[in-house]
1. Enumerate by residue number the trypsin sites (Lys or Arg not before Pro) in segment 285-339 meeting two conditions: DSSP loop (anything except H, G, I, E, B), and at most 15 other Cβ atoms within 10 Å of the site's Cβ.
2. Which FRET efficiency value, to the nearest 0.05, is calculated for ASN119 and LEU499 with the Förster distance at 51 angstrom and r the Cβ-Cβ distance?
3. Let's test the formula: R0 of 35 Å, r as the Cβ-Cβ distance of ARG529 and GLU443. What FRET efficiency results, to the nearest 0.05?
4. On a 0 to 90° scale, report how tilted helix 297-314 is relative to the longest principal axis of the chain, with both axes built from alpha carbons and the result rounded to the nearest 10.
5. Per 0.36 nm of contour for each residue apart, how much would the distance between GLU598 and THR163 grow if the chain were fully extended, relative to their Cα-Cα spacing?
6. Compute the angle between helix 559-580 and the longest alpha-carbon principal axis of the chain, please, reported from 0 to 90 degrees and rounded to the nearest 10.
7. Keeping all protein chains in place and using 1.4 angstrom, which order do LYS11, LYS254 fall into by accessible surface area, from largest down?
8. Roughly speaking, to the nearest percent, how much of the chain's 1.4 Å accessible area is carbon and sulfur?
Amino acid sequence: MCGIIGYSGPKNPLPILINGLSRLEYRGYDSSGIAILDGANLIVEKKEGKLQVLKDHLEGKHFNGNIGVGHTRWATHGVPSDLNAHPHTDNKKEFAIIHNGIIENYSELKDELVNKGFNFTSETDTEVVAVELSSKWTGNLLQTVTNVAKNLKGTFALVVTTTKEPNKIVAGRMMSPLVLGVGDEEVFLASDSAAILEHTNKMVFLENGDFVEIIDGTYKIFDINLNEIKREVQDIDWEISEAEKSGYEHFMYKEIIEQPEMIEKTLSGRLVENSIGIPIQLNEVRNFEKIWIVACGTAYHAGLFGKDLFEKVLGVPVSVELASEFRYREPIVGNKDLGIVISQSGETMDTIAATELLKENGAHVLALVNVVGSSLARMSDSVMYLHVGPEIGVASTKAYLGMLVAQLVLAKHWDIENKLNITFEEIKNIPKLVKESLECETEIINIAKGISKKNDIYFIGRGLDYALAAEGALKLKEISYLHAEALAAGELKHGTLALIEEGTPVIVTASQSHLLDKTTSNVQEVKARGAFVIAVGDDNSKKMEKISDQFISLPNAHSLLSTIISIIPLQLIAYHVAKLNGESIDQPRNLAKSVTVE
Ligand code: G6P
């Protein structure tokens, strides 16, 4: 949610900023801007619209200077516009600031500044900070920024430059992510390590309350009271090619196609008994009396899959919670509980707050996250990384699959009585099964043609298939803007059946053989009302094949693996419907990949 990039070093900052913004555009794409400092000359260029608008505007322009900052925005305060785009400056245009997060007390601060005679040109909370910096200037940028930060309420990653000290950048972090990339006599700043991976894989993940002073390509980290702090420099093993489209039209498509290879990485090193790759051993887990799985969006849907597995294997109740709800309830969490928090980015604000709640109440927290060094990874007691590489498409695909597989591996590791009745060999076969499942694409393109102009589409399933239906519907909504709804198939008759009419598409997955008869009856019910049924199954679901209008056939597998691979056609349906309708697949309207505000 808002992308930040910064550079200090010997090179020309402009191409570095623009490249970085391209990689960060998934975080927000309603406007973008840059500021470059060339001694006393502060250049600020910003434009409403996608990054391409700014790129076109800057075409052929050249700026001197060795310091620059850039921002891509996801609007919170004020509509997307040139004026509301970052960077923001003070009245004298001596300070330029970019910001990710929300300054909650901005309106009080703004009133005070207006009373003192300062002017504002934007509706943003960020401009208030720029004006505050100018009004509270002490003669030292780091000192001024920390003084101002002491009065800020809310969340921020702030990056500031000033003509008054033109060799410096000062940045600070409170809840919103900020990473420092350490190069050879150069320092980068970014909201996400993938944005600067092409320059360095040496990263410092700033903690809440850290402020960094960057001078001529070197850096020092301080707390808000200016005590110096040392933070570890970590090597990130992501390949830059993983963060690039590599010839594919969309990141989402590339991320769907590369799933077999990525899942191989999720599994690698973890599929041996007593595996060293599993962070919590069975004897520890056995002491837990309750498990809370907490997440948002796609990660929440992945958690619905884990619930059944963990309950079966461990015999303890598992509650799957939406982080945005959980954090404001008074859940009965205690020190005999295990929290499993799931997140691709590891930076989702609601999941972070829910994790804090779990920890405050004494629960042990295990994070399943993709982004190495992310906030959730650092604040949790144990971490299991998904290892699916950077995910750029806003609609999550490979990370979701990674979440399912990671939970299966965890459950298998704890399943000494083999209650899941699945072997390590079968699990090792997942990448191959995913690869074979991708072969249904041509058929999916035809299906997509049939449903791309429909207004309402229903996804139904029972048990684990309901968890899949929820994710299938979300994918379609996110990128195609069609109304899609997921239903536990048995619930149809309690209301939604009233909406089924001639030609209404109903997509059903039937991976749970023990529920096949029941789901088949529900399919009969919608068929009787005229629904056009698209079913996903394998040789075990012949009954479903007979009554459906279109049947997507997947390879035969253990029922848990059938569930996992059944998401592939659902991802492809969403992708091809959106493509046929000409939608902006990697950057759907109103959404952002990493939601670092409430
Ligand atoms: C955003 C994304 C979703 C994602 C959710 C949770 O809404 O658009 O795709 O599922 O955040 O993100 P996380 O990084 O915590 O998995």
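The values are calculated or read from the model by the stated rules, or taken from the named source; none is laboratory data. Just so you know, these numbers come straight off a predicted model, no measurement behind them. Cβ sites come from the backbone with ideal geometry, for glycine too, and all protein chains shown count toward neighbours. Just so you know, the surface numbers come from the protein's heavy atoms only, side chains and all, with ligands and any DNA or RNA stripped out. Shrake-Rupley method; radii C 1.70, N 1.55, O 1.52, S 1.80 Å.
1. Sites meeting the loop and neighbour criteria: ARG286, ARG329, LYS336.
2. About 0.45, to the nearest 0.05.
3. FRET efficiency, ARG529 to GLU443: 0.90.
4. Roughly 50 degrees between the two axes.
5. Numbers: separation 435, 0.36 × 435 = 156.60 nm, distance 3.39 nm.
Extra length available between GLU598 and THR163 comes to 153.2 nm.
6. On a 0 to 90 degree scale, this one is about 60.
7. My answer, sorted largest first, is LYS11, LYS254.
8. Working: 10190 of 21930 Å².
Percent of accessible area from carbon and sulfur atoms in the chain: 46.
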